[in-house]
Amino acid sequence: MKKFISILALALLGTSWAGAKVTLPSFFSDNMVLQQNTEAAIWGWTDSGNKITITTTWTGVKFTAIPDKDGKWTAKLQTPEAGGPYKIFINDGEKLTLENVLIGEVWFCSGQSNMEMPVKGFGSQPVEGSSDFILGANPKTPIRMCTIQRKASLKPVQESVGSWQENTPEAVASTSATAYFFAVRLQQSLGIPVGLLITDW
């Protein structure tokens with residue numbers, strides 16, 4: 001089930017893109033979590049004539065990426081030990097800033113209805129004890145969730161819909177119960193940020 005955000009590339013990489021300014025897949029967003037102590041992949045699209053520069057506040061080192069003929073670019077960011085929040089600056093002539101980024105443990109959570117069932121439960125199928133978790137959710141607890149919306153396609157797709165959410169009652173209520181309860185236990189045990197990338201069906 002584990003690990004890096006770059007795993008998602010296997011399912012979501014596209015073949016072409018044309019755009020006037022830098023564009024990212026929706027799961028590269030404010031509040032995201034990147035895997036600690038690794039080379040985390042990040043990618044997007046821009047005009048094919050632009051050079052991409054990426055700078056992070058955890059190191060200040062400038063990374064560069066050159067888009068291909070279709071405007072697709074990829075870079076790998078060396079991440080530190082768990083911590084944050086940080087910012088990521090992406091510039092192709094226009095600056096795009098990702099805010100409130102954490103570094104920690106990222107888990108890829110997939111499955112069927114057993115993974116889909118949210119903390120608030122389904123209709124007449126409540127989750128025992130869930131009210132305490134929902135009401136007790138606090139953004140200061142560094143658990144973040146990104147649930148990818150379903151989209152059927154007979155061809156590989158370039159984009160998905162889903163952005164990172166902080167640990168608020170509203171976000172927790174709609175998050176996979178299995179994934180969230182796991183994240184709570186892991187965060188309490190390790191004392192570091194935990195990110196959940198959820199693709200249930």
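Roughly how many nanometres apart are two label points built 7 Å out from the Cα toward the Cβ at Asp70 and Leu154?
1.9
Say the cut-off is 29 Å between C-alpha atoms; which of Lys76/Lys155; Lys69/Lys151; Lys76/Lys120; Lys95/Lys155; Lys87/Lys155 go over it? Present the calculation step by step, with values, prior to reporting the outcome.
On the way: Lys76/Lys155 26 Å; Lys69/Lys151 27 Å; Lys76/Lys120 37 Å; Lys95/Lys155 32 Å; Lys87/Lys155 34 Å.
Flagged as over cut-off: Lys76/Lys120; Lys95/Lys155; Lys87/Lys155.
To one decimal place, what Kirkwood hydrodynamic radius in Å is obtained for the range 102-201 from all pairs of distinct Cα atoms?
Working: mean 1/r = 0.0718 Å⁻¹.
Taking the inverse mean of 1/r over all distinct Cα pairs, the range 102-201 comes out at 13.9 Å.
Mean residue ellipticity at 222 nm from the helices of the chain, using -39,500 (n - 2.57) per DSSP H segment of n ≥ 4 over the full residue count, to the nearest 500 deg cm²/dmol?
After summing the helix terms and dividing by the residues of the chain, the value is -4000 deg cm²/dmol.
Between 0 and 90 degrees, rounded to the nearest ten: what's the tilt of helix 177-190 against the longest Cα principal axis of the chain?
80
Which value, in Å³ per residue, describes the convex hull spanned by the Cα atoms of the chain?
116
Starting at the first residue of the range 42-48, write each ³J(HN,Hα) from the Karplus equation 6.51 cos²θ - 1.76 cosθ + 1.60 with θ = phi - 60°, in whole Hz, x for Gly and Pro.
9, 8, x, 9, 7, 5, 4
How much length is gained if the chain between Glu81 and Glu39 is pulled fully straight, taking 0.36 nm per residue apart and subtracting their Cα-Cα distance, in nm to one decimal?
So the extension gain works out to 13.9 nm.
Counting Lys and Arg as +1 and Asp and Glu as -1, what is the net charge of the other residues whose Cβ lies under 14 Å from the Cβ of Lys72?
Numbers: positive: Lys51, Lys69; negative: Asp47, Asp68, Asp70, Asp92, Glu159.
Spelling it out: positives minus negatives among the neighbours equals -3.
Values quoted throughout were computed directly from the atomic coordinates according to the rules given, and no laboratory measurement underlies them. As the structure is a prediction and not an experimental result, all values here were calculated from the model. Because the Cβ atoms are built from the backbone with ideal geometry, glycine has one as well, and the counts that use them run over all protein chains shown.
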